[in-house]
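The values are calculated or read from the model by the stated rules, or taken from the named source; none is laboratory data. For clarity, every value in this text was computed on a predicted model and none was experimentally measured. Cβ coordinates were reconstructed from backbone atoms using ideal geometry, including for glycine residues, and neighbour counts include every protein chain displayed. Surface areas here come from the heavy atoms of the whole protein model, side chains and all, with no ligands, DNA or RNA. Shrake-Rupley method; radii C 1.70, N 1.55, O 1.52, S 1.80 Å.
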Amino acid sequence: MSNFILGLDVGTTSVKAVLIETDSRSVAATHSIPTDSDLSDSSGVKAKEQDTGRIIDSVNRCLGFLPADKLQRVSSIGLTGQMHGVLFWKAKSGCDWSNRDFFTARDTSQLITWQDGRCSSDFLSSLPKPDSHQSVATGFGCATIFWYMKHRPEFLEGFTAAGTIQDYVVSMLCGLDECVMTPQNAASWGFFNTSSNQWNENILKGAGFPLHLLPRCVSSGSLVGQTCSSWHGIPAGTPVGAALGDFQCSVYSCMSACTDAVLNISTSAQLTFTMPTDFKPPDSPEPSSSIAYFPYFDSLYLAVAASLNGGNVLATFVEMLTAWMRELGAEPADSCLYEKLINSALSQETSDLTVNPTILGERHNPLCLGQVTNISASNLSLGHVIRALCHGIVSNVTSMMPAERLQQAGVRRIVGSGSALARNEVLRQEVEKAFPQEMVYGQNADSAVGVAMVLCDRL
């Protein structure tokens with residue numbers, strides 16, 4: 001009788017669970033539900049936070065939809081999730097296992113996500129220079145902790161551990177008294193040197209940073225412990241892997257050759273390929289560079305153009321239209337509206353309207369916001385606007401990582417993935433215009449599948 005590996009992705013908007021059969025590496029069961037965990041910001045500091053209790057409730061509900069007989073035969077558990085963000089908790093009382101077969105959140109903070117905007121450019125420039133090839137941006141864990149040190153130091157005093165949301169789940173599952181983190185998530189926090197796999201402790205200590213909140217680092221793909229209790233029918237004592245970054249896991253799930261690149265357009269957008277085995281990242285950050293180097297597996301790095309602006313731009317446009325229509329007394333259905341907008345652009349093959357869609361800025365250029373130019377009386381139809389908007393999303397990605405850069409790296413094929421790309425034929429058309437390489441779809445990047453595959457390959 002086959003065993004299964006559970007892969008769990010605690011994402012920005014949803015939780016997804018996947019059971020992979022260990023022998024065939026095939027997906028035996030999967031379920032996804034929205035977390036509905038966003039908190040409204042009344043602070044006036046551009047906070048972007050989520051309710052930890054709601055996220056963990058969503059995890060429990062999601063697992064409840066998987067077949068009970070298969071959960072009882074889970075041989076290992078892999079966690080992944082949204083990177084950069086930070087959650088604080090009390091190590092001795094961070095959750096409640098009184099329900100016996102699952103835990104709920106207790107004595108935690110809200111999750112401050114990767115989309116948090118409280119760290120201004122002036123604030124970030126006041127921080128010490130990291131000993132790392134990666135810059136520090138707003139929404140990064142260490143930057144957020146520095147912000148609390150300056151503006152609400154009393155907030156930090158109540159907590160003894162910190163990590164990403166997926167690190168928290170691993171800690172609670174294993175009953176750990178500390179947070180254990182992989183370089184994939186540590187690098188996303190900032191102030192972490194991926195060459196030595198160590199935090200910048202001396203630099204942080206000199207700035208008064210609370211070092212006790214830094215997680216202990218272990219290698220990506222390693223195990224950190226065993227479940228301290230049965231969990232949704234999964235036996236106590238089941239091995240649990242150290243939590244991985246959702247981006248790396250999504251790439252792992254669909255990149256089958258070193259000559260592949262992966263273009264993912266979902267909430268945000270990323271274009272990535274694997275660097276050669278002898279690649280070493282620069283010694284210091286290049287803040288104005290649009291390409292970052294993310295730690296992958298086995299000392300490899302991914303070259304990544306990570307745009308903050310992807311499907312969320314289209315979603316914002318739909319929300320804007322919906323709000324306008326409500327003001328005009330109409331009540332459209334979002335899904336129906338989205339389909340109509342795409343269809344309007346399919347009949348408009350090109351547009352001379354120019355949309356720069358960077359409404360959220362970019363990490364390498366946070367002050368470059370969205371623009372619409374070359375407006376004329378003849379290009380104001382919805383077809384023109386949606387075609388130009390989709391073109392702008394793709395053009396923004398190619399401005400960060402040009403097609404020539406992919407050719408120089410030996411990329412022969414681009415694997416297209418992500419919910420926005422899957423739902424939007426206009427986006428796919430614009431992608432195929434932008435890149436000369438072969439485009440393939442259908443091998444959808446899936447972080448939950450990816451983290452399960454990592455354990456399947458490495459255990």
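Report the GluC sites (Glu not before Pro) located in segment 267-350 that are in a DSSP loop and have at most 11 other Cβ atoms inside 10 Å of their Cβ, or state none. Numbers along the way, then the final one.
On the way: sites: 319, 327, 339, 349; in loops: 349.
Taking segment 267-350 and a limit of 11 other Cβ atoms within 10 Å, the loop GluC sites (Glu not before Pro) found are 349.
Along each principal axis of its Cα atoms, how long is segment 378-430 end to end? Whole angstroms, biggest number first, please.
Taking max minus min along each principal axis of the Cα atoms, segment 378-430 gives 41, 22, 13 Å.
Report the calculated FRET efficiency for residue 381 and residue 325 (r = Cβ-Cβ distance, R0 = 22 Å), to the nearest 0.05. Display every interim value, and only then the final one.
Values: r = 17 Å, r/R0 = 0.76.
According to the calculation, E is roughly 0.85.
Return the equivalent ellipsoid semi-axes of the chain as a descending list in whole Å, where each equals the square root of 5 times an eigenvalue of the C-alpha gyration tensor. Write down the numbers at each step before the final one.
Values: eigenvalues 233, 135, 112 Å².
Taking √(5λ) for each eigenvalue gives 34, 26, 24 Å, largest first.
Given 48/129; 46/150; 16/70, which pairs have Cα atoms separated by over 20 Å? Intermediate values should be presented prior to the final figure.
Working: 48/129 25 Å; 46/150 16 Å; 16/70 16 Å.
Over 20 Å apart, Cα to Cα: 48/129.
With the other protein chains left in place, how much accessible area per residue, in square angstrom, belongs to the chain at a 1.4 angstrom probe?
Working: 19100 Å² over 459 residues.
Per-residue value: 42 Å².
I'd like to compare 176-188, 196-208: which one has the highest average count of other Cβ atoms within 10 Å, and what's the full order after that?
Working: 176-188: 24.2, 196-208: 15.1.
In decreasing order of mean packing, 176-188, 196-208 become 176-188, 196-208.
What do you get when you divide the Cα radius of gyration of segment 256-443 by 2.2 N^0.38 Å, with N the number of residues?
Values: Rg = 17.7 Å, N = 188, 2.2 N^0.38 = 16.1 Å.
Here the answer is 1.10, to two decimals.
Considering only DSSP beta bridges whose two residues both sit in the chain, what percent are antiparallel, to the nearest 5?
Details: 50 of 70 bridges.
Of the beta bridges lying entirely in the chain, close to 70 percent run antiparallel.
Taking the alpha-carbon distance from residue 433 and a cut-off under 19 Å, which aspartates and glutamates remain once sequence neighbours fewer than 8 residues away in the same chain are dropped?
260, 349, 352, 404, 425
Can you send over the carbon and sulfur percentage of the accessible area for the chain, probe radius 1.4 Å, protein chains only? Before the final figure, lay out each step's value.
Details: 9530 of 19100 Å².
C and S atoms contribute 50 percent here.
Antiparallel as a % of all DSSP beta bridges within segment 256-443, to the nearest 5?
Details: 19 of 27 bridges.
If I count the DSSP bridges inside segment 256-443, around 70 percent turn out antiparallel.
Going by alpha carbons, how many degrees (0 to 90, nearest 10) lie between the helix axis of 141-151 and the longest principal axis of the chain?
80
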